[in-house]
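Written out below as structure tokens is the structure these notes cover.
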Amino acid sequence: MWVAIALSILFLAITTIFFTAELRGFPMYRSLAFFFLFEGFYTLIDFIVTEIWPNFKGMSLLHNAGCLIFGIYVVLTLFRYKKSNSIVVISNKEKSVAESEK
């Protein structure tokens, strides 16, 4: 019982930390914050539902669907950030050829 409550508080605290002004420069703060927000609320709701209906299997389906959706969102955010900040690496040989052409 206490583990579920402690984990949900931890997930919600991580969400709060991600929404602070210092981490707004981090490119994936919003997608990770939403993922941890989902995990925090899911952990609390799953605990309550399991206490009321011990044999209810719908919560695992909800968790799998939520992880899939938010996982795709995190990956898309990562690829979008990587694509916008791609660095072109030029080797020393390419630099010397480019300088000799000038």
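Derivation of every value follows stated rules applied to the coordinates shown; laboratory data play no part. Keep in mind that what you see is a predicted model, and the values were worked out from it rather than measured. All Cβ positions, glycine included, derive from the backbone under ideal geometry; neighbour counts span all protein chains shown.
I want the local charge near residue 4. Using Cβ-Cβ distances under 12 Å, sum +1 for each Lys or Arg and -1 for each Asp or Glu among the other residues.
Values: positive: none; negative: 39, 46, 51.
After counting each charged neighbour, the total is -3.
What ranking, highest mean first, results for peptides 76-84, 49-57 when packing means the other Cβ atoms within 10 Å averaged over each residue?
Averaged packing, sorted descending, gives the order 76-84, 49-57.
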